[in-house]
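Structure first, commentary second.
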Amino acid sequence: MMASSPISSTHHHHHHPPAPPFLHILSLSLHHNNKFSCFNKPHKQRTSIILQATAEKKSVLDNRMLVFVPPHPLIKHWVSVLRNEQTPCPIFKSAMAELGRLLMYEASRDWLPTVSGEIQSPLGVASVEFIDPREPVAVVPILRAGLALAEHASSILPATNTYHLGVSRDEETLQPTVYLNKLPEKFSEGTRVFVVDPMLATGGTIVTAIDMIKERGVDNQNIKVVCAVACPPALSKLSEKYPGLHVYAGIIDPTLTDKGMIIPGLGDAGDRSYGT
């Protein structure tokens, strides 16, 4: 239990403070829309980084897809461990889980509904806020590798439901196929969803997943994508299709191979997490 005394005079509300000013906010959209693109310099498309430090800009940005790359040294550390080809399988998997914990912490910062009231502490009455357990966050890990990145979701978020989605990619055509779908037929209104997939490369898998979630009643603004590494083709695709979506990435890498692998990336996240 979170507390032994009941909360009195509770009321239910949502927090929407401005995004923290220290986050890099990369505003993405397609080049031909004459809006900003934010891609790493080696890529053909131009780079533009918008640093948002004020709430006034928020309304302008509500209709854009935003990419957050939190500049925390621990995030850089775990990305570096994941990149290293010498990192053994169990260390790789635990590094992926730690990175996921930090990214979900950042992504949930202004997103969780709370219940407030008063409670009796050992020394007096205190005004308190708890995360509202009546509105669990839906966590959708994309199998296999998404399982490792989402491993600590239930320890960082007080109320979660996990819905597994298995999507494989044809190595020749790079087209995604859904082989396991544990999504509900309909998400309840206002459900917030974390879609967790380590690698956003061509964007095929993540688009398939988001489309399935949207078909079940979730708006773009209520979906956050959590990934270890993102690449311009995937981000461009997401920006075109889902205005208002937020993506939280450990790092953005510049290019893809013709087989859809991110360079320099970190290899095959599923294979390296599970050793198969």
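Condition test on Ser108, is it open to solvent by 40 Å² or more (accessible area, probe 1.4 Å), small (Gly, Ala, Ser) and under 25 Å from Pro184 (Cβ atoms)? In short, no. For segment 148-165, a residue qualifies if it is over 16 Å from Met199 (Cα atoms) and small (Gly, Ala, Ser), and the qualifying residues are Ala153, Ser154, Ser155, Ala159.
Considering (1) open to solvent by less than 50 Å² (accessible area, probe 1.4 Å); (2) at pLDDT below 95; (3) β-branched (Val, Ile, Thr), the lone condition that Thr276 does not fulfil carries the number (1). Just one of the listed residues (Lys224, Lys237, Lys214) is closer than 24 Å to Pro70 by Cβ, of a type in the set (D, E, K, R), touching a helix residue (DSSP H, G or I) at 6+ places or on another chain (Cβ under 9 Å) and not in a strand (DSSP E or B), namely Lys237. For the structure I just gave you, tell me whether Val195 is in contact with a strand residue (DSSP E or B) (Cβ under 7 Å, 6 or more places away or on another chain), surrounded by 24 or more Cβ atoms within 10 Å (Cβ to Cβ) and at pLDDT 95 or above. Answer is yes for this residue. Among residues that are farther than 25 Å from Ala97 by Cβ, over 16 Å from the mean Cα position of the chain (by Cα) and not polar (S, T, N, Q), Lys182 is not included.
Of the strands (runs of 3 or more DSSP E) lying entirely inside segment 103-157, those carrying at least 1 residues that are in contact with a helix residue (DSSP H, G or I) (Cβ under 8 Å, 6 or more places away or on another chain) are 137-143. Taken together, Leu174, Leu180 contain a single residue that is of a type outside the set (Ser, Thr, Tyr), open to solvent by 30 Å² or more (accessible area, probe 1.4 Å), within 30 Å of Asp258 (Cβ to Cβ) and in a strand (DSSP E or B), which is Leu180. Tell me which residues, restricted to segment 64-78, are open to solvent by less than 30 Å² (accessible area, probe 1.4 Å) and of a type in the set (Phe, Trp, Tyr). Matches in segment 64-78: Phe68 only. If you go through segment 202-228 and keep only what is over 14 Å from the mean Cα position of the chain (by Cα) and open to solvent by 10 Å² or more (accessible area, probe 1.4 Å), you end up with Thr202, Gly204, Thr205, Thr208, Asp211, Met212, Lys214, Glu215, Arg216, Gly217, Asp219.
Scanning segment 183-211 for residues that are touching a Phe, Trp or Tyr at 6+ places or on another chain (Cβ under 7 Å) and part of a loop (DSSP other than H, G, I, E, B) turns up Leu183, Pro184, Arg192.
For Ser154, state whether it is farther than 18 Å from Gly270 by Cβ and touching a residue at least 40 places away in the same chain (Cβ under 8 Å). Taking the combined requirement at face value, the residue does not satisfy it.
For segment 242-252, the condition holds for at least one residue, the condition being that it is out of contact with any Leu (no Cβ under 9 Å at 6 or more places or on another chain), in contact (Cβ under 8 Å) with a residue 24 or more places away in the chain, open to solvent by less than 10 Å² (accessible area, probe 1.4 Å) and within 22 Å of Ser108 (Cα to Cα).
The values are calculated or read from the model by the stated rules, or taken from the named source; none is laboratory data. Note that the coordinates shown come from a computational prediction; the quantities given were computed from them, not determined experimentally. Cβ sites come from the backbone with ideal geometry, for glycine too, and all protein chains shown count toward neighbours. Keep in mind that these areas ignore ligands, DNA and RNA; they rest on the heavy atoms of the full protein, side chains included. Shrake-Rupley method; radii C 1.70, N 1.55, O 1.52, S 1.80 Å.
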